[in-house]
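One structure is given below, encoded as structure tokens.
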Amino acid sequence: MRGEFDWIRELGEVFGAGRLPDGTIGIGDDAAVLPLCRDSEAAVNTLSSVVMSIDSQVSGVHFRPEWIGYDDLGRRLVHIGFSDIAAMGALPQAAMVSVEVGPEIGEADRQVFTEGLKSAVSELAVRLIGGNVARRISGFSAHITAIGRQEQDRILLRSGALPGDQLYVTGEVGAAAAGVRILSAREASVADRYPALCEAYRRPRAHWREGLVLAESGWVTAAIDISDGLAADLGHLCRQSGVGAVIEAEAVPIPGELQAWCQACGIDPVRHAMAGGEEYVLLFAAPLDQLAQDAVERRLAEFGGQLWRIGSLTKRPGLEVSRGGRREPLVVTGFDHLR
Ligand SMILES: [Mg+2]
């Protein structure tokens, strides 16, 4: 059966994918890019462009009311929306939110959701400038349009990585996906034992400061945020850059609490972290250049940001994991909404 990504590719073919002639970037990256001025082709590269993305949280799909309070849900919506803006290396500017509510969602829940939106827009220093409210037969869904800006020639794309580039992530991986599994099992005692994993799902953080540092460094060749899973999103970056990748299993940053949960469940932590998803950290490629890396690490450290090198890109297409000197194919099992 054709999945979500086949349809997105098809939509890209119908409506124009990749870099359109006037500097516009259409379907197929983390966000769309619209240059602010189209008068002069020559001037486009020095102009600020608007970077826009749309995302959603749908009850029964992205969350269940038992997993997350409406305050965290409002906050989460804004952070996941701006995670795509971060992946383009753009500065968050403004948001619009559309909400659809079933009759069982009371006034108190709506108020709490508003509080969550409020805390996130203040964390990201953006303004909520519009939206829409509609009723639905039951349940709850919310959509965000996240808007940022960046100079055209600094914007980070999924394409552009080269063989020999090193691969990095800006945060630990695997925790949020474990949180979803723990919360969906509905065993309060287990959730109490792994608070950081549940929090990783409930309270993601858009890595927009990291994205800005990467964009301004001039060091990075391609970037994406990890929402579908490390392996799946690495696959998107590699496909769009025309390269392959080798992940070094021992280098993947896996938080201590996740190691403990994996051990208790008899799950391989690296395999879990590859399939993961919902991390909203950035995955990026950059050439091997210790001076550039040190400079970026110093800038990140100013606000507590970090990076981990987890592998490298190859000329040969395909994804592999190297573990204890042995290489094995990396099986992509990320989330697909249509499968
Ligand atoms: Mg994305």
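A few remarks follow.
- Entry remark, the stretch 161-197: residues being open to solvent by less than 10 Å² (accessible area, probe 1.4 Å) and either more than 21 Å from the chain's Cα centre (by Cα) or of a type in the set (A, V, I, L, M, F, W, C) (or both) number 8 in total.
- So ILE247, is it at pLDDT 95 or above, crowded, with 22+ Cβ neighbours inside 10 Å and more than 28 Å from SER53 (Cα to Cα): yes
- Residues of the stretch 211-250 classified as hydrophobic (A, V, I, L, M, F, W, C), in contact with a helix residue (DSSP H, G or I) (Cβ under 6 Å, 6 or more places away or on another chain) and away from the ligand (no atom under 16 Å from the Cβ), total: 4
- Any hit, the stretch 145-160, residues being in contact (Cβ under 8 Å) with a residue 40 or more places away in the chain, within 16 Å of the ligand (Cβ to nearest atom), open to solvent by 40 Å² or more (accessible area, probe 1.4 Å) and on the phi < 0 side of the Ramachandran plot: yes
- Filter result (open to solvent by less than 10 Å² (accessible area, probe 1.4 Å) and not in a strand (DSSP E or B)) within the stretch 90-105: ALA90, GLY102
- Cβ pairs under 7 Å, 6+ apart, first in the stretch 18-43 and on the phi > 0 side of the Ramachandran plot and among the acidic types (Asp, Glu), second within 16 Å of the ligand (Cβ to nearest atom) and at pLDDT 80 or above: none
- Scanning the stretch 195-221 for residues that are farther than 30 Å from ASP294 by Cβ and either of a type in the set (D, E, K, R) or touching a Leu at 6+ places or on another chain (Cβ under 8 Å) (or both) turns up LEU197, CYS198, GLU199, TYR201, ARG202, ARG203.
- For the stretch 181-191, the criterion of being more than 17 Å from ASP72 (Cα to Cα), among the aliphatic types (A, V, I, L, M), in contact with a helix residue (DSSP H, G or I) (Cβ under 6 Å, 6 or more places away or on another chain) and within 15 Å of the ligand (Cβ to nearest atom) is met by no residue.
- Filtering ALA142, ALA120, ALA134, ALA108 for residues that are more than 15 Å from ALA206 (Cβ to Cβ), away from the ligand (no atom under 16 Å from the Cβ), open to solvent by less than 10 Å² (accessible area, probe 1.4 Å) and not in a loop (DSSP other than H, G, I, E, B) leaves a single hit, ALA142.
- Subset of the stretch 274-286 that is at pLDDT 95 or above and more than 15 Å from CYS238 (Cα to Cα) - its residue that is surrounded by the most Cβ atoms within 10 Å (Cβ to Cβ): VAL281
- Considered as a group, the residues in the stretch 50-89 that are open to solvent by 10 Å² or more (accessible area, probe 1.4 Å) and of a type in the set (D, E, K, R) include one that is farthest from the ligand (Cβ to nearest atom), and that residue is GLU66.
The values are calculated or read from the model by the stated rules, or taken from the named source; none is laboratory data. Note that the structure is a prediction, hence the values are computed from the model and not measured. With ideal geometry, Cβ positions are generated from the backbone for all residues, glycine too; neighbour counts draw on all protein chains shown. Only protein heavy atoms, including side chains, enter the accessible area calculation; ligands, DNA and RNA are left aside. Shrake-Rupley method; radii C 1.70, N 1.55, O 1.52, S 1.80 Å.
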